[in-house]
Amino acid sequence: MFRFLGRVPFTIALLATLIVVGILVGGFTSPITEADWYETFAYGAPSFADGRWWTTLTGTFLVAQPIGYLVLLLTAAGVGWLEFRRGTGRAAAYFFGGQALAVIGSAIVIAGFAEMGSHWAEALVTQVDVGPSGGVFACIAAASASLWSPWRGRALLILTAFTLVSVLFLGTVADVEHAMAVGMVLLINAGSFSKPTLREQRYVAFVMIIALTVVQIVASIVPTYGPFGMTHVGGTDVFDVLFDTVIAVIVATGLRGGYRAAWVVAVILASLNVLVGAFSVFVIAHPELFGGPTAYDEREGLAFAAASGFLWAVMLVWLVACARAFRARLRRRLSGDRGADRPGARLDEVRHVVQTAGGGALSWMATWRDNRHYFGSDPETVVAYQTHQGVALVLGDPIAAPEKLGETLTEFIDTAERAGFVVCVFGADSAARDALPEGWHALQVAEDTIVDLPGLEFTGKKWGAVRTALNRGERDGVRFRLASLATEPRSVRAQISEISEQWVGDKGLPEMRFTLGSIDEALDPAVRMAIAESADGTVQGFLSWLPVYAPGGRVRGWTLDLMRRRDGGAFPPVMEYLIGSSALAFRDEEAEFLSLSGAPLARSDSPDDERQIEVILDKLGGILEPAYGFRSLHRFKQKFNPRGEPMYLLYRDGADLARIGVGLVRAYLPDASVPQLVRAGLSIGK
């Protein structure tokens, strides 16, 4: 706390000055607007007309109402935020510069509109104001502009929408000041803004619809006054407001997802509101053409239509300019002739690409039937993915030659996002991380465990557990063999199925998927099954190994998938025996490595600096740990002295992390019911 306070001396001095001045003038106990001296020290058009320009300074340190000090403490946090991020000098410059521009600029704008005959401005041009809110808003906007993308654009968008709506529908001197301050910061930082991404274009439309909905709700409850006049929509039925709100929320949600249908509805709504708003402005400006001044209630409705019509016009321009961002169909699917829309639709082609282009430790999982497949513009590339909760989860790296990896990844991301999906890559290696498009983020979520095979010998103390298992297997008459499950005798397949079903049945959750296969995947002829049998032919345990291809079709390594042991079996170290025996067998076949795979949702790095997605994944791991023991499995693999290779989660936007987390749960447990997930979640606290 003291360290933080030491970094915000200007904010502390500002608050102290305001408090001291408030005590001296009695502002904490009664409104200073009732004091005889108030207008002498307040700023505004009347003060400047009388030559009291110094009120720009004196009015800054006054607060009109006692309640204003409470609000001030909250809003002044914006000054501290900027000072903490950008330094004391910059915070002071933005505060005093923003305050001066807000006070003087708003007075000039209001006086100018009054000269043009605006009734709204004529009412404000005689008013004065006090308070530092212009400088505070400038600091909040400057702090927002210092954020990283995409939060910078989003924060400034919300701030801009707030100030614009406040001017149009509240229209006080303070509202004009806030808009001037935010506008100044936007102009200063205009050069730092880049072209909004497709997702940001959708987000802007979403915020606009929500803002318009809030405006309608507020205007139906309280009378407001803005540049177009009184904007209270009196007599509005509460059910009409609720109905309109529900429709707006549905449309806003559709725009956030990029749906073409939502875009069409929004364009129609915007066009109608713009026409009504334009007509209302014409009637307000020329009442004589419509039989004289309209009735008071009608004027209220016209003013609201005119003000909201202006906002709808901004919305319409944005929708038309960003029409390409809204092409997703209601039934989301990746467009293009090369994309395969059904899971497992083109597995033979996928196999060919994997064997031709090669890939990483997870590459053979691309051939599993649960996956969908996107074939890139290059026929020798493919991306395996699954869709859950609106998220396109890419399984491992795209299958492509190293020089084509970035192009393939970018092409898939563009296509999936245009279809309305949030995209993330789970289990990517360093090559995919390095090929990320600009603005994407990589977070290590697991560590692959690699055993290098050339020259492997189980000698020395560190291999004691493996050597003991191999020796005991030989002593107990346990036989090891590598086989293809599809060609095994029915008696062996029956035992393997029995062991697997028993293992799954004890977990309380359905068998996991996504990065974990099942017996169905083990039946693939390309998959090798490591089997440990006792002398009487009883299967004590088994492993399945997935091939890892080098470009050109040579198998360069093997990835561990299934690990199953017989309950109550007569050979306890069966897993150590199977992995050790497999390593020696694959070494003799001149394979380069074994991947014992990264334990899903388990990491070996310190949790001290965890960010949001790390916390989410840890919670998911906690839900699944009682049933699947991923963390204990990760510790077990250390017996084989592997080297670690990082596995990453690649994502664009931190705002998507919670949604990605939910998508991962569904990917791993696609068949789990809600009660099963709830029971698993409750087990964390036991």
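Just so you know, all these numbers are worked out from the coordinates, no wet-lab data involved. All of these numbers come straight from a predicted model, not from anything done at the bench. With ideal geometry, Cβ positions are generated from the backbone for all residues, glycine too; neighbour counts draw on all protein chains shown.
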Q) Which of the listed residues, Gly358, Leu395, Phe458, is farthest toward the dipole's positive end in segment 349-507, when Lys, Arg count +1 and Asp, Glu count -1 at the beta-carbon? A) Phe458
Q. Ranked highest first by the average count of other Cβ atoms within 10 Å around their residues, in what order do 201-207, 481-487 fall?
A. 201-207, 481-487
Q) Using mean Cβ contacts within 10 Å as the protection proxy, how do 464-475, 640-651 order, highest first? A) 640-651, 464-475
Q: Report, in whole Å, the centroid distance computed from the Cα atoms of segment 518-557 and segment 390-444.
A: 29 Å
**Q.** For segment 1-194, size of Cβ-based charge dipole, Lys and Arg +1, Asp and Glu -1, in debye
**A.** 1120 debye
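At a Förster distance of 41 Å, what's the computed FRET efficiency of Ile158 paired with Asp671, Cβ-Cβ distance as r, to 0.05?
Numbers: r = 40 Å, r/R0 = 0.97.
Efficiency for this residue pair is about 0.55.
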Q | Karplus-derived 3J(HN,Hα), 6.51/-1.76/1.60, for each residue of segment 48-55, Hz, glycine and proline x | A | 5, 4, 8, x, 8, 6, 5, 5
Q: Would you kindly state how much longer the chain becomes between Ala16 and Asp414 on full extension, computed as 0.36 nm times their sequence separation minus their alpha carbon distance, in nm to one decimal?
A: 138.1 nm
Q | Sites matching chymotrypsin sites (Phe, Trp or Tyr not before Pro) across segment 136-196 that sit in DSSP coil, with at most 13 neighbouring C-beta atoms within 10 Å | A | Trp148, Phe193
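Given a cut-off of under 8 Å on Cα pairs at least six residues apart, what relative contact order in percent is computed for segment 49-178? Present the calculation step by step, with values, prior to reporting the outcome.
Details: 136 pairs, mean separation 40.6, N = 130.
It rounds to 31 percent for segment 49-178.
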Q | Cβ-based exposure ranking for Thr213, Thr29, Thr538, in which fewest neighbours within 10 Å come first | A | Thr29, Thr538, Thr213
